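Following: one structure in structure tokens, then a few remarks.
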Amino acid sequence: MLLTIIYIIAITAEAMTGALSAGRRSMDWFGVILIACVTALGGGSVRDVLLGHYPLGWVKHPEYLVLTCCAALFTILIANWMRHLRSIFLLLDALGLIGFTIIGCQIAIQMGHGFVVSAVAGIMTGVSGGILRDILCNDVPLVFRRELYASISFVSVICYWLCIHFGLTLEWTVVTTLVFGFSLRVIAIYFGLEMPKFIYQDDDEQSASSKDI
Amino acid sequence: MLLTIIYIIAITAEAMTGALSAGRRSMDWFGVILIACVTALGGGSVRDVLLGHYPLGWVKHPEYLVLTCCAALFTILIANWMRHLRSIFLLLDALGLIGFTIIGCQIAIQMGHGFVVSAVAGIMTGVSGGILRDILCNDVPLVFRRELYASISFVSVICYWLCIHFGLTLEWTVVTTLVFGFSLRVIAIYFGLEMPKFIYQDDDEQSASSKDI
Amino acid sequence: MLLTIIYIIAITAEAMTGALSAGRRSMDWFGVILIACVTALGGGSVRDVLLGHYPLGWVKHPEYLVLTCCAALFTILIANWMRHLRSIFLLLDALGLIGFTIIGCQIAIQMGHGFVVSAVAGIMTGVSGGILRDILCNDVPLVFRRELYASISFVSVICYWLCIHFGLTLEWTVVTTLVFGFSLRVIAIYFGLEMPKFIYQDDDEQSASSKDI
């Protein structure tokens, strides 16, 4: 129940960030709606397709699809106010990240998968909507370059497993993971924490052919 | 039967437009064939994977795959004549858009889905081949920026549902939708009709961090 | 058994090339791991999803996923030595290409598909990991522009089918295809053999609108 509410908040927030990305590329209204849907529902769809978990969420509950379309159109209307709402969006996005992660993790566990697959399912649900958005907008996905994001998704999965392992009820596990992951994300944004980067430069003389590796 | 003929015309036309896109990027023959296949068969594959509708069209009928490969190679041969055939291609592409939409819509209905999912399936079949083509060619997908295209696919789905709702036979529904959607697309091309665009610019001072939304 | 060893070598080598690509784009560690996993396991995942062959390889054997993550992190450590190992990597990559192709082809045949679908499955397994890597790094996929690569995958499939057709045992078929394909790839690299390119330029005056085709 709590998860359903968080899921609805999360897909709405993600749809609106997707719509803004489309607006930065001057797409038409259809493009805005498509990018919004992909951002909001793409992560879950990728997870379900890779795990063979049919029917997909939005096929079973088309109302979520309608919701994201409405959120996208609503974003077009209120775009001028959006810049004043940035901090609220960062918080909603953080909530969505952890909510998506928990949902993805739970589905994998329900299907009988172990820690590794459920961790991948959780992270995938949390971050691949944003990756697909950036691919469609022809960017290098931001998620690879900004403050702790996917790694917080991963740490939340560990927290979730530890809670289950130590015998907490499902409700408490969800609440604990949410609070833990959300706080981490807020701390990461506030202090601008980043993962170490891996910077690799080929020597100039080799750069032409080095792409063959 | 009519749909099969339209489908064959459509995948041939789409394969040839895909091959031309690959040629604009100076790809080798394999790249040309791959882009052609993705453009022609990618939309249906995305739909089938998301709906869990196995086996995929080209797995069941590999002859369609062979056809698109031949169309791609044929395009390389006649590339110099292609610029004189542009208006024919625009018409074939319009026919393909509506044909793909109807096929996608029908499959979703046969699987028991309602209006929302069948609309998504129709639009997805119609436009996602072109989106995948543009992603592989590293462009922002054109479909988001040009004259009415996906929206015509959507209106065609509505036409299809209305025809079914008012008790038309399947044949008449298909013919009506085809004529209606095709005419709309031709009108849109002729008058250069476009969807309104959503243009969103962050303030300069915020632009560095605004990507975090 | 032989194939399992080759598969493990191949995913390790592909993971390391993926990690280097991510390093060229200055991604953070998570991005490096994700690109490595997609490069190593993406080809097989695309094949399994399109053929409806569940569960996917890394879902059934999560240890392969752990292996690619470790290979990615290891690559970050030894990045400075990697430039001296380029020729070894080209050979491992060639081995991987043929190994992936054979595995993809075998799986399609086991599922009862014919020549066309098994050829597509083989090529897809061999090359689509690299294509996904390049899409995530926002490049036009290299596979379309460099020396014979996908075409060697295709010729290996033909070799495989001929061996089966002439009654060779599975072991001999695999060994023959490996030696044949690997030699071809080494020859192609050594002599810089390339597929003919298809270069298509619209006339200037038409170029603005020609994108509509």
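A few points about this structure:
- Qualifying residue in the stretch A:85-98 (condition: in a helix (DSSP H, G or I), closer than 21 Å to residue C:59 by Cα and either without any contact (Cβ under 8 Å) to a residue 12 or more places away in the chain or not charged (D, E, K, R) (or both)): no
- Here residue C:54 meets each of (1) away from chain B (no Cβ under 13 Å); (2) under 26 Å from residue A:108 (Cβ atoms); (3) of a type in the set (Phe, Trp, Tyr) with one exception, condition (1).
- Residue match in the stretch C:149-159 (condition: away from chain B (no Cβ under 14 Å) and either under 25 Å from residue C:18 (Cα atoms) or of a type outside the set (D, E, K, R) (or both)): yes
- Selection within the stretch C:78-91 - under 23 Å from residue C:122 (Cβ atoms) and either at the interface with chain A (Cβ under 10 Å from one of its Cβ atoms) or surrounded by 20 or more Cβ atoms within 10 Å (Cβ to Cβ) (or both): C:89, C:90
- Selection count where residues are closer than 18 Å to residue C:54 by Cα and touching a residue at least 24 places away in the same chain (Cβ under 8 Å), scope the stretch A:28-47: 3
- Criterion: surrounded by 23 or more Cβ atoms within 10 Å (Cβ to Cβ), farther than 30 Å from residue B:107 by Cα and away from chain C (no Cβ under 14 Å) - qualifying residue of A:68, A:75, A:101: A:75
- Residue, nearest to the chain's Cα centre (by Cα), within the stretch A:113-141, restricted to residues that are among the small types (Gly, Ala, Ser) and facing chain C (nearest Cβ under 10 Å): A:128
- Selected residue [crowded, with 21+ Cβ neighbours inside 10 Å and touching a Pro at 6+ places or on another chain (Cβ under 8 Å)] from C:34, C:41, C:20, C:51: C:51
- When the stretch C:89-136 is filtered for residues that are under 20 Å from residue B:30 (Cα atoms) and polar (S, T, N, Q), the ones remaining, listed by number, are C:101, C:118, C:125, C:128.
- Pair list, Cβ under 6 Å, 6 or more apart: the stretch B:12-27 residue more than 7 Å from chain C (Cβ to nearest Cβ), other residue in a helix (DSSP H, G or I) and hydroxyl-bearing (Ser, Thr, Tyr): B:14/B:39; B:15/B:68; B:16/B:75; B:18/B:39; B:19/B:75
- Scanning the stretch B:186-197 for residues that are surrounded by 14 or more Cβ atoms within 10 Å (Cβ to Cβ) and within 14 Å of chain A (Cβ to nearest Cβ) turns up B:188, B:193, B:194, B:195, B:197.
- Residue in the stretch B:201-212 that is crowded, with 21+ Cβ neighbours inside 10 Å, facing chain A (nearest Cβ under 10 Å) and at pLDDT below 90 present: no
- Candidates A:123, A:152: the one that is touching a residue at least 24 places away in the same chain (Cβ under 8 Å), on the phi < 0 side of the Ramachandran plot, touching a Ser or Thr at 6+ places or on another chain (Cβ under 6 Å) and among the aliphatic types (A, V, I, L, M) is A:123.
Here is a yes/no grid of residues against (1) assigned to a helix (DSSP H, G or I); (2) of a type in the set (A, V, I, L, M, F, W, C); (3) under 22 Å from residue A:88 (Cα atoms):
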site: A:116; (1), (2), (3): yes, yes, no
site: A:120; (1), (2), (3): yes, yes, no
site: A:167; (1), (2), (3): no, no, no
site: A:171; (1), (2), (3): yes, no, no
site: A:189; (1), (2), (3): yes, yes, yes
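- Among (1) modelled with pLDDT of 85 or more; (2) not acidic (Asp, Glu); (3) not in a helix (DSSP H, G or I) - the single one residue C:175 does not satisfy: (3)
The values are calculated or read from the model by the stated rules, or taken from the named source; none is laboratory data. Just so it is clear, the model here is predicted, and its values are computed rather than measured. Glycine gets a Cβ as well: all are built from the backbone with ideal geometry, and neighbour counts include every protein chain shown.
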